[in-house]
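Q: Sharing a structure below in structure tokens format, with a few things to ask.
The values are calculated or read from the model by the stated rules, or taken from the named source; none is laboratory data. Quick caveat: nothing in here was measured; it's all calculated off a predicted structure. Here the Cβ is made from the backbone with ideal geometry for all residues, glycine too, and neighbour counts use every protein chain on show.
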């Protein structure tokens, strides 16, 4: 690791997220990180950042300019792969927006370009900083919950209007985004799902294309997940529901957790359910349980938290909250749900990345 | 319809439910109905009901004795079909416990024996009397909710211990009950599901056999339902969870309903979601909605309500709350979930009843 006191960051793509990240850094919210350069093909987007921020219309030129140590890629999804590979090959640290790529084969290409492990390669999964999910993960890993039996995530508060989908030609197209709600809105949820519970071995999904809007990709999804140990999962999402809900329910051998509306409830059985079932002499009575509300803990650190961690990882070797290599899992989950719908079959994981890429390309050209 | 003032009822099968029904009638809770006879092969079960209640060790003998106008069939599941057919063929009114039969082909046989429409033929779907479900049905049928988008029923509060499953050789076997939680615990929920939302056109299910208990049939189910109009459903049940939950969620064009823990919540959007999505000029903002708690209404009339209705239907032509012919739907749903698991394929409805019967018989012999 190089001895350095400040990371000179270049942002590629000054759309909504790029601008937000730039502002956070310029406001000094990220210790050890300086906004050194920005790159965008659209000239107007580069203006107004002052003389200390170098402007580039070409991202590769920025990478080779010697003005940046690290890049943050906030461009449309498909370009994450070639830009990420270009940056890694030039020895730059990389933070990539979610999803890290549109499909699994591109994730594999991107990840295989990460050869020098002294390069810090992170992904913008800022919801890992949400204290509720962090606590749940600790409770799972410490076996406080016992064996997980069932996961049910209903995340239907991604409401979008027809006007939203009409706001860009590339939006909600196979060629432009590689999918709909699964690729645009859900990468965080899918990342948390695998971060909390690991990867399922089988997915059967019903993705509904243009059900609520005049679009070619999915705006409603119901997916059934099977985990290697017999646990089951259901993932439901939509951009057509209002008011919608974000409700994560986990049934386990020590009771049931529900995270909904910012409240974390835990019904904790006094003994493991499996032990109770095995030893009880009666037929119906459930084990006694405690009604617990888990405190929220410190507020979510969000995007800034991920950037602080990225800077600290580069400067001091701090472990990454969200290594980019883990970003392949949320993409694989999204791809598998779509592939199950394309093929009208359950999909065994790991997903055949070439087969999926071919299926996606066929749709992109249609 | 015969002129009569009292229905003379004969109960067949004096196990748990038969005894409970007998007690309700003897306590005078069912106007116009008298307990005239009881039938059971086990002699001890017939004792203690007094001289006014005739005893029969053979159900057919009771049907032909001239002492009863109607029978209530509360025997193990498989015998519902032959006993129901025998009673209908002898011109007796019939109330059959749920499920009306174990599999769809038997339902068809039973229903085809109902030729004389002056015979009253009902099923013990007492949960239709639960005022919450009744109100929800009215709200659906009056289009108060608008188009139904998504139904999600998590009914995992059917906890049963290993001792329960050890309490009878026939329990939780293909040959004895024709299935597990779907046939024994869930007929009410499956009946309500079709009563509220109609039948799906396709079911993809994962039934897990002996996951939580040492049994050959299913004790955990996750099913994905597709309705003809594009609405989706998820039905989750288990006897292995504690404390478990009974949560029915309905997303519709006018908002979202949740019935859970005896509380009926309705988030009602001020305009239909589809209209809002089509006309809004912004991208994200949801339509305003009201938070409503729907009052419970009169308490559930339960088993007594169904028997009162049965008596009134015989005596005064009152419409049945639960005609037995509708009982085929809950059986078909249960069968289709199992068949999807047997075949590892989605099942299109209507289910092929002969194919399912053959598959079930093969398992019963195994």
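Q: Considering segment B:118-154 alone, what residues qualify as being part of a strand (DSSP E or B) and assigned by TED's automatic domain parsing to the domain that holds residue B:100? Before the answer, list the steps.
A: Restricting attention to segment B:118-154, the residues satisfying the condition of being part of a strand (DSSP E or B) are B:121-123, B:148-154.
Passing the criteria: B:121, B:122, B:123.
Q: Then there's this: Return yes or no: is residue A:280 at the interface with chain B (Cβ under 10 Å from one of its Cβ atoms) and touching a residue at least 60 places away in the same chain (Cβ under 8 Å)? So that I can check it myself, show each step before the final result.
A: On the way: at the interface with chain B (Cβ under 10 Å from one of its Cβ atoms): yes; touching a residue at least 60 places away in the same chain (Cβ under 8 Å): no.
It is false that residue A:280 is at the interface with chain B (Cβ under 10 Å from one of its Cβ atoms) and touching a residue at least 60 places away in the same chain (Cβ under 8 Å).
Q: Consider residue B:325 against the criteria (1) closer than 30 Å to residue B:116 by Cα; (2) surrounded by fewer than 14 Cβ atoms within 10 Å (Cβ to Cβ): it satisfies all of them except one. Which criterion is unmet?
A: Result: residue B:325 fails condition (2) only.
Q: What is the residue count in segment B:250-262 for residues that are modelled with pLDDT under 95 and either within 17 Å of residue A:261 (Cβ to Cβ) or within 11 Å of another protein chain (Cβ to nearest Cβ) (or both)? I'd like the intermediate steps shown before the answer.
A: The first filter runs over segment B:250-262 and keeps only residues modelled with pLDDT under 95, leaving B:261-262.
Remaining after also requiring either within 17 Å of residue A:261 (Cβ to Cβ) or within 11 Å of another protein chain (Cβ to nearest Cβ) (or both): B:261.
Matching residues across segment B:250-262 total 1.
Q: Quick check: anything in segment A:316-334 without any contact (Cβ under 8 Å) to a residue 40 or more places away in the chain and at positive phi?
A: no
Q: Follow-up question, since we're still on this one. Restricting attention to segment B:333-358, which residues are more than 17 Å from residue B:226 (Cβ to Cβ) and more than 19 Å from the chain's Cα centre (by Cα)?
A: Within segment B:333-358, B:342, B:344, B:352, B:354, B:355, B:356, B:357, B:358 meet the criteria.
Q: Can you tell me which residues in segment A:237-249 are in a strand (DSSP E or B), surrounded by fewer than 24 Cβ atoms within 10 Å (Cβ to Cβ) and at the interface with chain B (Cβ under 10 Å from one of its Cβ atoms)? Quick ask: steps written out before the conclusion?
A: Taking segment A:237-249 first, the residues in a strand (DSSP E or B) are A:237-238, A:246-249.
With surrounded by fewer than 24 Cβ atoms within 10 Å (Cβ to Cβ) added as a condition, the list becomes A:246-249.
The answer is A:247, A:249.
Q: If you don't mind, another one. For segment A:201-235, how many residues are within 17 Å of residue B:221 (Cα to Cα) and more than 7 Å from chain B (Cβ to nearest Cβ)? So that I can check it myself, show each step before the final result.
A: Of all residues in segment A:201-235, those within 17 Å of residue B:221 (Cα to Cα) come to A:202-205, A:222-235.
Retained after the next criterion (residues that are more than 7 Å from chain B (Cβ to nearest Cβ)): A:202-203, A:205, A:223, A:225, A:227-229, A:231, A:233, A:235.
The total comes to 11.
Q: Can you tell me which residue among B:18, B:13, B:50 is out of contact with any helix residue (DSSP H, G or I) (no Cβ under 7 Å at 6 or more places or on another chain) and surrounded by fewer than 12 Cβ atoms within 10 Å (Cβ to Cβ)?
A: So the residue among B:18, B:13, B:50 that is out of contact with any helix residue (DSSP H, G or I) (no Cβ under 7 Å at 6 or more places or on another chain) and surrounded by fewer than 12 Cβ atoms within 10 Å (Cβ to Cβ) is B:50.
Q: So if I check each of B:215, B:203, which one is assigned to a loop (DSSP other than H, G, I, E, B), touching a helix residue (DSSP H, G or I) at 6+ places or on another chain (Cβ under 9 Å) and in contact (Cβ under 8 Å) with a residue 40 or more places away in the chain? Full working, then the answer.
A: Working: B:203 fails: assigned to a loop (DSSP other than H, G, I, E, B).
Result of the check over B:215, B:203: B:215.
Q: Picking from A:294, A:203, A:236, A:215, which residue would you name as being modelled with pLDDT under 95 and in the same structural domain as residue A:143 (by TED's automatic domain parsing)?
A: Details: A:203 fails: modelled with pLDDT under 95; A:236 fails: modelled with pLDDT under 95; A:215 fails: modelled with pLDDT under 95.
Step by step, each of A:294, A:203, A:236, A:215 is checked, and only A:294 is modelled with pLDDT under 95 and in the same structural domain as residue A:143 (by TED's automatic domain parsing).
Residue-wise test of (1) free of Cβ contacts under 8 Å to residues at least 24 places away in the same chain; (2) under 21 Å from residue A:335 (Cα atoms); (3) under 17 Å from the mean Cα position of the chain (by Cα); (4) away from chain B (no Cβ under 14 Å).
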| site | (1), (2), (3), (4) |
| --- | --- |
| A:91 | no, no, no, yes |
| A:123 | no, yes, yes, yes |
| A:129 | no, no, yes, yes |
| A:151 | no, yes, no, no |
| A:166 | yes, no, no, no |
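Q: Tally up the residues in segment B:332-349 that are more than 14 Å from chain A (Cβ to nearest Cβ), surrounded by 20 or more Cβ atoms within 10 Å (Cβ to Cβ) and more than 16 Å from residue B:198 (Cβ to Cβ), please.
A: Initial filter on segment B:332-349 (more than 14 Å from chain A (Cβ to nearest Cβ)): B:332-336, B:338-339, B:342, B:349.
Within this subset, residues satisfying the condition of being surrounded by 20 or more Cβ atoms within 10 Å (Cβ to Cβ) are B:332-336, B:338-339.
So of that shortlist, the ones also more than 16 Å from residue B:198 (Cβ to Cβ) come out as B:334-335, B:338-339.
Counting residues in segment B:332-349 that are more than 14 Å from chain A (Cβ to nearest Cβ), surrounded by 20 or more Cβ atoms within 10 Å (Cβ to Cβ) and more than 16 Å from residue B:198 (Cβ to Cβ) gives 4.
Q: For segment B:131-149, how many residues meet the condition of being more than 14 Å from chain A (Cβ to nearest Cβ) and touching a residue at least 24 places away in the same chain (Cβ under 8 Å)? Before you say what the answer is, go through the steps one by one.
A: First, the residues of segment B:131-149 that are more than 14 Å from chain A (Cβ to nearest Cβ): B:131-144.
Adding the requirement that they be touching a residue at least 24 places away in the same chain (Cβ under 8 Å) leaves B:131-137, B:139-140, B:144.
The qualifying residues number 10.
Q: Could you check segment B:253-366 for helices (runs of 4 or more DSSP H) lying wholly inside it with 3 or more residues that are in contact with a strand residue (DSSP E or B) (Cβ under 7 Å, 6 or more places away or on another chain)? Don't jump to the end; show me each part of the working.
A: Details: elements: B:273-279, B:302-316, B:327-343, B:353-365.
Of the helices (runs of 4 or more DSSP H) lying wholly inside segment B:253-366, those with at least 3 residues that are in contact with a strand residue (DSSP E or B) (Cβ under 7 Å, 6 or more places away or on another chain) span B:302-316, B:327-343.
Q: So, of the residues in segment B:250-290 that are in contact with a helix residue (DSSP H, G or I) (Cβ under 8 Å, 6 or more places away or on another chain) and on the phi > 0 side of the Ramachandran plot, which turns out to be surrounded by the most Cβ atoms within 10 Å (Cβ to Cβ)?
A: Here the answer is B:255.
Q: Another question, then. Scanning for something more than 23 Å from residue A:33 (Cβ to Cβ) and modelled with pLDDT of 95 or more, does segment A:59-75 turn up at least one residue?
A: Keep residues of segment A:59-75 that are more than 23 Å from residue A:33 (Cβ to Cβ), which gives none.
No, segment A:59-75 contains no residue that is more than 23 Å from residue A:33 (Cβ to Cβ) and modelled with pLDDT of 95 or more.
Q: For segment B:162-169, does any single residue satisfy the condition of being over 26 Å from residue B:307 (Cα atoms), modelled with pLDDT of 95 or more, assigned to a loop (DSSP other than H, G, I, E, B) and out of contact with any helix residue (DSSP H, G or I) (no Cβ under 7 Å at 6 or more places or on another chain)?
A: No, because not a single residue in segment B:162-169 is over 26 Å from residue B:307 (Cα atoms), modelled with pLDDT of 95 or more, assigned to a loop (DSSP other than H, G, I, E, B) and out of contact with any helix residue (DSSP H, G or I) (no Cβ under 7 Å at 6 or more places or on another chain).
Q: Can you say whether residue A:102 is at pLDDT 95 or above and either within 15 Å of the chain's Cα centre (by Cα) or at positive phi (or both), as far as the supplied structure shows?
A: On the way: at pLDDT 95 or above: yes; either within 15 Å of the chain's Cα centre (by Cα) or at positive phi (or both): yes.
Spelling it out, residue A:102 is indeed at pLDDT 95 or above and either within 15 Å of the chain's Cα centre (by Cα) or at positive phi (or both).
Q: Taking segment A:141-157 only, how many residues are crowded, with 19+ Cβ neighbours inside 10 Å and touching a helix residue (DSSP H, G or I) at 6+ places or on another chain (Cβ under 8 Å)?
A: Keep residues of segment A:141-157 that are crowded, with 19+ Cβ neighbours inside 10 Å, which gives A:145, A:148-156.
Those still in the list that are touching a helix residue (DSSP H, G or I) at 6+ places or on another chain (Cβ under 8 Å) too: A:145, A:148, A:151, A:153, A:155.
Result for segment A:141-157: 5.
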